[in-house]
1. Please report, in debye to the nearest 20, how large the charge dipole of segment 219-378 is about its Cα centre when each Lys and Arg carries +1 at its beta carbon and each Asp and Glu carries -1 there.
2. For the Cα atoms of the chain, what angle does the longest principal axis make with the long axis of helix 356-369, in degrees from 0 to 90, nearest 10?
3. Say each of Arg212 and Asp195 gets a label point 7 Å from the Cα, pointing the same way as Cα to Cβ; how far apart are those two points in nm?
4. If I stretch the segment between Val12 and Arg27 completely, what's the gain in nm (0.36 nm per residue apart, minus their alpha carbon distance), one decimal?
5. Report, in deg cm²/dmol and to the nearest 500, the calculated mean residue ellipticity at 222 nm for the chain, where each DSSP H run with n ≥ 4 adds -39500 (n - 2.57) and the sum is divided by the residue count.
6. Roughly how tilted is helix 14-26, in degrees to the nearest 10 and between 0 and 90, from the longest Cα axis of the chain?
7. For the chain, give the share of DSSP beta bridges that are antiparallel, in percent and rounded to the nearest 5; count only bridges with both residues there.
8. Given the peptides 145-155, 188-198, 307-317, arrange them by the average over their residues of other C-beta atoms within 10 Å, most packed first.
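Any read-out appearing in this document is the output of simple, stated calculations on the displayed coordinates, not a laboratory observation. Keep in mind it's a predicted model, so treat the numbers as computed, not measured. Cβ coordinates were reconstructed from backbone atoms using ideal geometry, including for glycine residues, and neighbour counts include every protein chain displayed.
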Amino acid sequence: MPPKVPFHRPSVSERERAYLLEALEGRYWGSGPWVERLEAALQNLYGREAVVVSSGTAALHLAYMLLLGKEGGEVIVPTWTFTATASEVVHAGGVPVVVDVGPSLHLTVEQVEAALSPRTRGVVVMHYAGAPAPVREIVAFCRERGLWVVEDACHAVPAYVEGRLCGTFGDIATLSFHATKPVAAGQGGALLLSDPVLAEKARRLRTHGIRRTPGQPWSYEVESLGWNYRLSDFQAAVALAQIEQLTELWQARKRLAVLYQALLQDYPWLRPYPVPAADSSAWHLFPVFWSGATAQQRDALLYRLYAQGFELSVHYKPLHRHKAYQPYLPSGQTFPIAEKAYNEVFSLPLWPGLPDEAIFELVARLGKETHFPSFPTS
């Protein structure tokens, strides 16, 4: 039986339905005119070359391939992120160097500086939960040292730093259109690039490295060994509809987040993730920290609420806690900020159309269930 309040539910309007039907009737079911329209919309929004691909993970992989080249090298990655941010460094021939984060759970200049080595090639800045990381400071630091920066902006559509969109600071930024994201199409992603030469290379790599002869669609040359990272027109049509309604979807998320913040003030042991300003965040996630809790208590809470029909989640189990990333931890590295956050954090449902009544009920249950004197640990 599905939960009464699911963790996420994509927004669907008549525009998504109309575009999807139009793409279906167009009978070009591969990467065609709808992908081109989506790229044009993203370029208009961000002022950068946009290359649409099959997922946010594919976007990260291509970004690292373009920037690492054949030389490989180390890439500094925050532990507080999803696995793809780091795994695709490995798949692109690099070595992720996993480091702790600052109080906002973002990478900081201090963490980057402490992890530098002669083998460092670049840095990944991940905008957690849709809130902007200190990307301006990190980019300035890296520019002085000849390092490139990838912005993992998969949570941050749209998020802003002093009025400037996240995704426009680094050498390359990546977006995701996964079903749970602010712009959702089931799957899909994009690269945003300031360099048109790299953008053209990304377009070839997403299509097996093929260059076609203009005016002769049967004639092509495989110039490099690429991948099939193409997005279908169906998914591009849905993503385009959501991009065209981005302001409305963002405002809906922001209104619900502000409601959560107001209600949680009655329970001071439940601290919402700190966001600099409501208008700066994409509000992809709404993380809450249960002060003084352990991971076991947090998990018991989520089990109890799920049994009551409320689906919550955890973002994230940090990379350094996963077996696969043990070889990529600097010797003697500790992760005190991420460790504390992991013990206490859980994410509340946040999606356009989530009823206010569900938020009122969920927060009231949270307040009762997390009061330590009466909280059952099993």
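1. Using only the charged Cβ atoms, the result is roughly 620 debye.
2. 50
3. 2.6
4. 3.2 nm
5. Theoretical 222 nm ellipticity from helices: -11500 deg cm²/dmol.
6. 30
7. 60
8. So the peptides 145-155, 188-198, 307-317, ranked by packing, come out 145-155, 188-198, 307-317.
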